[in-house]
1. Applying the selection to the stretch 372-395, what residues are in contact with an Asp or Glu (Cβ under 8 Å, 6 or more places away or on another chain) and either loosely packed, with under 15 Cβ neighbours inside 10 Å or more than 13 Å from Pro357 (Cα to Cα) (or both)?
2. Just to check your reading of the model, which residue among Ser122, Ser113, Ser70 is among the hydroxyl-bearing types (Ser, Thr, Tyr) and over 26 Å from Gly164 (Cβ atoms)?
3. Do we have Gln272 as of a type outside the set (Gly, Ala, Ser), in contact with a strand residue (DSSP E or B) (Cβ under 8 Å, 6 or more places away or on another chain) and more than 30 Å from Ala382 (Cβ to Cβ) here?
4. Of everything in the stretch 316-325 that's more than 30 Å from Thr170 (Cα to Cα) and touching a residue at least 60 places away in the same chain (Cβ under 8 Å), which residue is surrounded by the most Cβ atoms within 10 Å (Cβ to Cβ)?
5. Of these, Ser113, Ser70, which one is under 23 Å from Pro189 (Cα atoms) and among the polar types (S, T, N, Q)?
6. Got a number for residues in the stretch 58-97 being touching a strand residue (DSSP E or B) at 6+ places or on another chain (Cβ under 9 Å) and over 26 Å from Asp218 (Cβ atoms)?
7. As an exercise: evaluate Leu226 against (1) under 21 Å from the mean Cα position of the chain (by Cα); (2) modelled with pLDDT of 85 or more and give the number of the one condition it does not meet.
Amino acid sequence: MRRGANFTLHRSASALIVTVALVVALLATSVLSGPTAAAQPIRDAEGDGAIDPKDSEGPLDQRVLVIHDSIGLGARKQVVAAFPNSDVTFLGFVGFRANVAADMLSVNPGIISDHVVVQLGSNHGSGPLMRRDIDRLMELLAGADHVTWLTPPRYRPEMDAITGEIFNATRRHPNLQFAHWGALSDSNPQFTWADGIHLRPAGAAAMAEMMRSHLEGDVAWNRIPLGAITGIRDGRRALTLTGWAFDPDLGKRATVRITVDGKVATSQRTDQRRARVAEFLGTEIGKLGFEIRLDLADGEHEICVDVDNFDGLAPVSLDCRTMAVAHQPFGAFERVVRNGANKIVRGWAIDPDISGPVTIEIRSGNNGGAVVGGSVIGSGLADRKRDDLASYGKGPSHGFAIKIPAEIDDYCVVARNELAGTEHTVLGCR
């Protein structure tokens, strides 16, 4: 079984690339604990024999390119062992960054293979610069079948932004998968030396296994879930939220979670057929859509949709919308006119849920304007023409004039809520 092949910094590089690599390697000599692996044979665990890359049996399974900085430098031997019968090429040195890797690959694209592992980021200090460098490097790796990018340890707070940029890049580059090396390393201090970054033997073995498990499919890709809110209908009784969601890693219907004003309102699996979306995404999962009813109080609300991510990873936000909800009747108690033995109570009212007139009730009692349960002493419809009300979009016929006995002094004017909402609306009291 072949244990490694072409264990070099890079192959068939131009004179410029060789010069750059050698200069940087010389500058880094004081940091390295020994000669670089580029020209060194790999010895077995007992150290009693070198493994000659030419001394192997059987065909190559695959070509693997590993792009790394000083962290990955300490795992080269373990990586070769993790990919037996494979042609493993290394590109990297102390202080290596994504922009330098892009420069080197742009003039030596022949070393790019179908399977690529990138362990870079610990030497970057800016999220926006990292984003630019990731995109440039991934453009060069666009032809690779599978690129796995290992996140850096959190040895300083700036690494959060770097990790975030690696995560976000998977949205832009469909062949890119990220691996949580940073989280694994941070939670296992025995993997690194006192600096919390560079690898002890146990850490080197763990990193090599993470590379192998991701490239060989033991760990499903964490491709970012996709989806969108496609509509919000304000119905007569409730809002209806529609959209679709898809997690490429899941292999089944995704679960969406709806939050309203920052609080979870409901969650459910997608259950509506979206044939065109499924065809576009190339999936046989037909039920990618959702249609969710939301009963919300009147007022302005922020409605957000998240989709659960694969394997317990953080949910991904699809979209947020701000919606003004109006179901309660509204209007005004304007004046009272004495007419013999009666009083005429005048005003107007509109219910957003209905096109017809609102029912108005005059109820006895006044508890500071909060009375809705007193006895009805007069009622009628808000159906009188009022041209000044046409601007509300429900037509002009929403005025009312209702008789009550003249001797009644304490009463409230109530617009009945016929459909959505929980309460009638008190327009005013005397």
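1. Residues satisfying the conditions are Val372, Val376, Gly378.
2. Ser113
3. The answer is yes for Gln272.
4. Val325
5. Only one candidate qualifies: Ser70.
6. 3
7. That leaves (2) as the condition not met.
Condition check ((1) assigned to a loop (DSSP other than H, G, I, E, B); (2) farther than 14 Å from Met323 by Cβ; (3) charged (D, E, K, R)) across all residues:
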| position | (1), (2), (3) |
| --- | --- |
| Leu250 | yes, yes, no |
| Thr259 | no, no, no |
| Ala265 | no, no, no |
| Phe280 | no, yes, no |
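The values are calculated or read from the model by the stated rules, or taken from the named source; none is laboratory data. Just so it is clear, the structure is predicted and the values come from calculations on it, not from any experiment. Quick reminder, even Gly has a Cβ in these numbers, built from the backbone with ideal geometry, and neighbours come from all protein chains shown.
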